[in-house]
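> This structure is in structure tokens; I'll ask about it shortly.
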Amino acid sequence: MNQEIYLVGLNHKTAGVDIRERFALSDCDPAAAGLVSDGGAVSEAMILSTCNRVEFLVVGSRDADMRAKILRFWADHCAQPVADLHSHTYCHAGEEAVNHLFTVASSLDSMILGEPQILGQLKTAYRKAVEKGAARVIVNRLLHKAFSVAKRVRTETAIASSAVSISYAAVELARKIFTDLTNHRALLVGAGEMAELAATHLLSAGVRDITVVNRTLAKGEELARQFKGRAMPFEELHQALLETDIVISSTGSPTAIIRAKDMKEVLRKRRHRPIFFIDIAVPRDIDPDINGLDNVYLYDIDDLKEVVEENLAGRQQEAQKARGIVAEEVSAFMRWRDGLELQPTIVALLDQGEGIARRELRKSIKQLGPDPDPQTVAIMERLAKSLCHKIYHEPISYLKRRSQEEGSAQRFIHNARRMFNLDEEAVPEDAHLDRKIQSGGK
Amino acid sequence: MTASRLFELIIALLYLAGSISYPLGLALRRPALKRIAAWTSAAAFGLHTVDLGLRFMEVGAANLQHGQFYMSLMAWFFVLIFFMLWWKLKHDFLSMITAPLALILFSSSLAVRTQVLAVPEHFSVLWFSLHVGTIFVSLALIAMAFGAGLAYLHLERLIKTKAKLPGFSKELPSLETFDKANHWAVSIGFPLYSISVLAGFLWASFTWKKVISWDPKELITIVIWALFALLFHQRMVLGWRGRKPAKTAIILFILCLVSLVGVNFLLPSHHSFRQ
């Protein structure tokens with residue numbers, strides 16, 4: 001087989017943002033731009049372009065200098081000198097390329113380890129390739145596998161289970177205190193970028209609504225409009241504390257605005273419903289002593305930072321486990337790919353046929369009674385064997401004929417393997433994504 | 001006898017497998033282990049049902065005079081009630097306490113080989129089911145509140161001390177969930193417990209012509225009831241939440257265990273399962 005899988009690209013580790021900007025390929029159609037063509041060296045291609053990486057996944061002829069070819073195409077398309085690319089790009093082939101793709105899909109190569117955006121970006125890139133007809137047997141299979149590897153990594157390791165940003169850590173903590181955020185309201189005391197970010201996170205996590213309390217009511221009202229919430233004057237802070245369960249505080253006040261002794265009264269009026277304070281102001285807005293009260297939880301900015309750092313360290317550990325999963329799946333994929341050769345497929349077909357024949361034969365012999373006539377048994381054995389060989393003869397010779405033709409061999413072998421279910425695999429949910437897109441587009 | 005003994009041993013082993021594999025599955029993040037835990041517990045429960053049925057067919061109502069049968073029946077009831085609670089609350093943590101509790105109760109039923117119990121005269125099925133049925137349900141609820149209370153205190157300490165939440169705790173539900181379990185246990189459990197105690201005293205007054213006979217079981221029951229009443233009042237009227245009800249539920253359950261094991265097996269009492 002003269003086809004090989006190549007992965008050429010650059011990422012945030014190999015290239016600075018200036019290079020990444022110049023060589024971004026956010027809207028490039030490899031088929032239309034002439035990279036993939038029927039007679040050419042490249043038979044399949046997919047381009048992934050995000051702010052942290054640009055990568056070409058290409059299936060093409062082994063003989064061509066694929067790296068040079070892709071770099072030239074890339075530089076021409078961006079109207080940049082190709083020399084600028086050389087020192088920043090990597091080129092993987094075969095197993096290494098598969099490994100790289102799976103690693104990227106599992107977000108083990110992301111700037112923040114385990115952040116899941118890359119999977120969505122990869123899905124978009126794949127969809128584009130399918131729509132343009134640039135993804136065929138190998139890229140289809142490769143991407144389906146990449147998605148399932150990513151899923152395995154997410155479910156079997158804790159790599160993405162902890163928050164690595166301060167505002168998200170706050171949301172996660174809120175989830176440890178309250179079962180269902182939709183039953184709880186949030187209160188924003190004071191404004192500020194980080195407070196607003198945390199409020200946005202809380203809203204998207206499902207918090208019922210947001211109340212804003214600010215020294216200047218007008219500013220509070222403006223902020224409240226932004227979150228479709230309501231504003232209350234600063235004097236009514238204690239009233240607001242009765243009605244809300246998650247409080248984000250970030251005022252510029254030099255002294256504490258919520259004190260432990262006031263809180264006791266508030267708690268009684270709240271009938272001890274739990275309340276969670278997130279104090280991101282420096283100097284702090286909330287008396288640290290209130291953390292000692294029952295049903296009151298307080299995290300300040302340093303506590304949250306610590307949570308984030310611990311989570312990041314935890315991700316590093318989980319990444320080890322994830323790499324093991326990736327390695328496993330890479331070798332499974334390579335086994336499948338080797339199976340695309342003609343000879344192993346013929347052997348597998350005949351094995352399957354003979355297996356069926358043997359099983360059916362055994363059942364039939366049993367029906368002959370406890371002491372079957374050896375001659376009858378011999379005749380039946382011959383019958384089963386020759387039936388199997390005759391039935392498989394036509395598909396096999398058809399495959400042999402087709403594999404003489406360059407280009408279509410893999411497709412036919414792949415189809416035969418699937419038709420006879422030689423790889424004995426369950427059909428994944430998104431197996432027909434490519435077809436759905438095509439029929440949906442019509 | 002040996003065959004039924006073997007059967008019971010298998011049930012105990014299945015409960016044991018369930019009790020071990022669930023926390024293991026949580027700790028190792030293996031959903032498969034959790035499923036195994038659910039299936040082994042379900043299998044244990046099925047066999048347990050068969051075992052109780054066989055026993056009942058064998059000896060009939062006379063079973064009610066065996067302490068061993070009570071323990072086994074109670075274990076069975078616990079699993080049943082926990083299953084219904086799980087159905088209603090959909091909280092995984094229930095699985096964590098169900099199998100171990102069933103295991104403890106069931107194996108203690110295996111450990112005791114008691115003589116025939118002196119059931120009071122005027123023995124009536126109605127009184128009996130009122131007295132024993134309600135106590136089973138409320139004990140199961142207290143056990144649930146105990147488990148939820150332990151989990152609450154653990155998680156609360158982690159959050160309050162800002163300790164790192166290890167993988168195991170990540171899978172835990174929220175504090176509010178545990179508190180809700182306590183709420184359920186208290187609001188349903190206390191009335192049932194009261195009915196049970198009342199039924200017991202009434203029954204006693206019919207049978208022995210006196211309401212209280214200063215039996216150790218009766219004394220500890222009054223203590224438990226008083227504590228339970230306090231918890232019920234504070235929770236329902238004053239809106240207690242979180243730590244205090246969690247701690248009270250833990251003490252309550254320990255007292256119940258003392259009453260169940262200590263009094264029924266160790267002290268002279270007319271609730272005794274001893275010889």
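> What is the one condition in (1) modelled with pLDDT of 90 or more; (2) open to solvent by 10 Å² or more (accessible area, probe 1.4 Å); (3) over 26 Å from the mean Cα position of the chain (by Cα) that residue A:277 does not satisfy?
(2)
> How do the pairs read when you match residues in region A:136-163 that are away from every other protein chain (no Cβ under 14 Å) with residues anywhere that are surrounded by fewer than 23 Cβ atoms within 10 Å (Cβ to Cβ) and hydroxyl-bearing (Ser, Thr, Tyr), using Cβ under 8 Å and keeping only pairs 6 or more apart or on different chains?
A:136/A:43
> Among the candidates A:182, A:216, single out the residue that is open to solvent by 10 Å² or more (accessible area, probe 1.4 Å), within 14 Å of another protein chain (Cβ to nearest Cβ) and over 29 Å from residue A:106 (Cβ atoms).
Matching residue, one of A:182, A:216: A:182.
> Just to verify a result, which residue in region B:1-47, among those that are over 20 Å from the mean Cα position of the chain (by Cα) and within 13 Å of residue B:110 (Cα to Cα), is modelled with the lowest pLDDT?
In this case the residue turns out to be B:1.
> What strands (runs of 3 or more DSSP E), lying completely within region A:233-323, carry at least 1 residues that are more than 30 Å from residue A:99 (Cα to Cα), facing chain B (nearest Cβ under 10 Å) and free of Cβ contacts under 8 Å to residues at least 60 places away in the same chain?
By residue number, A:296-300.
> May I ask you to list pairs of residues, at least six apart or on different chains, whose Cβ atoms are under 6 Å apart, with the first in region A:64-83 being touching a residue at least 60 places away in the same chain (Cβ under 8 Å) and within 14 Å of residue A:22 (Cα to Cα) and the second being assigned to a helix (DSSP H, G or I) and open to solvent by less than 70 Å² (accessible area, probe 1.4 Å)?
A:71/A:85
The values are calculated or read from the model by the stated rules, or taken from the named source; none is laboratory data. Owing to the predicted nature of the structure, the values given are computational and were not obtained by experimental measurement. FYI the Cβ positions are ideal-geometry reconstructions off the backbone, even for glycines, and counts take in every protein chain you see. We work out accessible area using only protein heavy atoms, side chains counted, and drop any ligands, DNA or RNA first. Shrake-Rupley method; radii C 1.70, N 1.55, O 1.52, S 1.80 Å.
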